[in-house]
Structure formats: structure tokens, C-alpha cells
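Notes follow the structure.
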Amino acid sequence: MNRKYRKTIIAGNWKMNMTNSGIKPFMEELKANMPKAKQCDVVLCTPAVMIQTMVKAGKDCKVAAGGQDVSIYDKGAYTGEVSATMLEDIGAKYCIVGHSERRQYHGETDMMVNAKAKKLLEKGINPIICVGESLEQRENDLTMEYVAYQVKAALSGIDATALRHCVIAYEPIWAIGTGKTATSEQAQEVCEEIRAVIRKIYGARPARAVSILYGGSMNAKNAYELLAQPDIDGGLIGGASLKPADFATIVAATAQD
Ligand code: PEP
């Protein structure tokens, strides 16, 4: 982390879990375990139908609400879709785009990820743009090349002013939901490379200001070491974000110099 130049962010990705009625007891337990003075922004990205409840429930302990996906369209005959305007209207501050599960199961392409990020930025919502390699790509030494390509594609046509509102999440696919975490060295190496790619496009100052998160089986035990890396500015957390005490421990792990 480098709090001098950029925000530290701990974002939970609840995926398709929880219910509206479960939010109140979850937040009570989270609040009871959360450090009083937080050193980071805390976000919970819920299913779309729970965002509004999370906006209300999060006010008390300063937890922002986020979505997990957004439409590339503004409005119209797109059954099942949720627009950036709708997310803005209910108070979402962040939204994940390009999660590997959406790329894999819903055919989300790099072009769509880019279009989604732009729609969110137009409405003042911070996109959390996910990138990351498969196990096969890592084993074939293609990680840096592939991740650099994803970052460039996702940021295409986004100017330096809008970049300030973008968050990048490096999530190696082989580490998501598998219990296999990238080592802090592996995670740092790729996050550093992502910053170098951004530096080449936008220059040193904008690159220095972008928050880059690590995601992939981050938990209460490994968070401190991962967050100690200079280019890892927080975490995108799946499984452990469903356990309030563990999530609070990850938030507490940002209190380091
Ligand atoms: C994720 O889904 O973004 C994620 C990182 O999941 P997990 O923490 O469960 O690996």
C-alpha cells in the first residue's frame, strides 16, 4: 500500500449469496468487529436487489455499496439488465466489471468491460475493473502479456481525469474461490506491472494515483502480508467477505505503514 499517493480499498464481492434480510445482522456483526478508525475505504458489492438495503445499512459504519455488473446500454429492451443510471439512482458508489466469472459464464469480452467502465464513469460510479490470467497462461509464462492486454483494453478511450475514478483488481483466475492464494511476491509483481502499463499510457502521476487491488482467496490470515506490498492497495474479497469477523480483520490489516 502507499497511502500517500492513493486510496486503500477493501471491497467485498458477495457474488450470488446472502439476502436482504441477512444484511442487518451481518452489518451488526461487522460493526462490532471493525476497527474504530478505518485506514481504508470499505465497499460491499452485493447482488443488484440488495444494493439499496446495503446503502442504508452501510451508512452507520461507513461502508459503501457497490454492484457486481452493469449493462453496456443506457435503457430499453434489455431484459434482466441493470443500467448505470439505475445504480446511481439507488446510491451505488462502486461496481465490479469484468469479473472472471462474468467473462467465463456470460461471455463478457474486453470490449464490453471497457464499455461498462465508461457507462459507470459517466454516472460517477467507480468501476472496479478485474483482470487476471488463467493457470494455463501462468504456466506458459503469458501472465504479464495477457494482463497488460486486458488493462489496455479496459482503459481504452478513458482519459486521465476519469482514470482517477477507476480501480483495477488483479485477480488470477486460478486463485479465485480455490483457496490457492498468489504469493505476495507473485501478486506484487503483477500489480507493479499493471502500474507500469498505466504509466506508459498516462504518465507517472496518474499511474501513481491508481488503486490496484489483489483478489483471489484473500482472507483474515494472508491479508496483512499481501497488503504490505507496495503496489497492492487493497483487496477484492469473495468468500471471506461473507464472514463479518474475517472481513473486519482484513479491513484492520490495512492499518500498517
Ligand atoms: C472474487 O470473487 O473476486 C474473489 C476474489 O473470490 P475469493 O476471495 O473467494 O477467491
Taking amide hydrogens as modeled 1.01 Å from N in the peptide plane, which residues meet the under 5 Å criterion relative to Val97, leaving out close sequence neighbours?
Ile128, Ile129, Cys130
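Is there a quick way to get the dipole size of the chain? I mean about its Cα centre, with the Cβ of Lys and Arg at +1 and of Asp and Glu at -1; what is the value in debye to the nearest 20? Don't jump to the answer; show the numbers that get you there.
Numbers: 31 positive and 29 negative charges, 198 e Å.
My answer is approximately 960 debye.
Going by average Cβ density within 10 Å per residue, which order do the peptides 80-93, 121-134, 60-73 take, highest to lowest? Walk me through the numbers before you get to the answer.
Values: 80-93: 17.5, 121-134: 22.4, 60-73: 20.0.
In decreasing order of mean packing, 80-93, 121-134, 60-73 become 121-134, 60-73, 80-93.
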Give me, ordered by chain and number, the residues 5 or more places off Gly234 or on other chains with an amide H under 5 Å from its own placed amide H.
Ile9, Tyr214
Would you grab the residues whose amide H sits under 5 Å from the one on Cys45? Only those 5+ places off in sequence or on another chain, please, with H modelled 1.01 Å from N.
Gly12, Asn13, Trp14, Gly66
What aspartates and glutamates does Lys93 reach when the alpha-carbon gap must be under 13 Å and sequence neighbours fewer than 8 apart in one chain are set aside?
Asp41, Asp69, Glu122
Hull-based mean projected area of the chain, where the convex hull spans the alpha carbons, in square nanometres:
12.5 nm²
Beta bridge orientation in the chain: antiparallel %, DSSP, nearest 5
0 percent
Kindly write out, for segment 77-94 in residue order, the coupling ³J(HN,Hα) from the Karplus curve 6.51 cos²θ - 1.76 cosθ + 1.60 (θ = phi - 60°), rounded to whole Hz, with x marking Gly and Pro.
7, 10, 3, x, 7, 10, 8, 5, 4, 5, 5, 4, 4, 9, x, 5, 9, 9
Per DSSP helix of 4 or more residues, -39500 (n - 2.57); summed, then divided by the residues of the chain. What does that give at 222 nm, rounded to the nearest 500?
-12000 deg cm²/dmol
Beyond a 30 Å Cα-Cα separation, which of these cross-linked pairs lie in this structure: Lys118/Lys243; Lys62/Lys200; Lys4/Lys59; Lys15/Lys56; Lys31/Lys75?
Lys118/Lys243; Lys62/Lys200; Lys31/Lys75
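Rule-based calculations on the coordinates, nothing more; no lab input. Just so you know, these numbers come straight off a predicted model, no measurement behind them. Note that we place each Cβ from the backbone using ideal geometry, even for glycine, and neighbour counts take in every protein chain shown.
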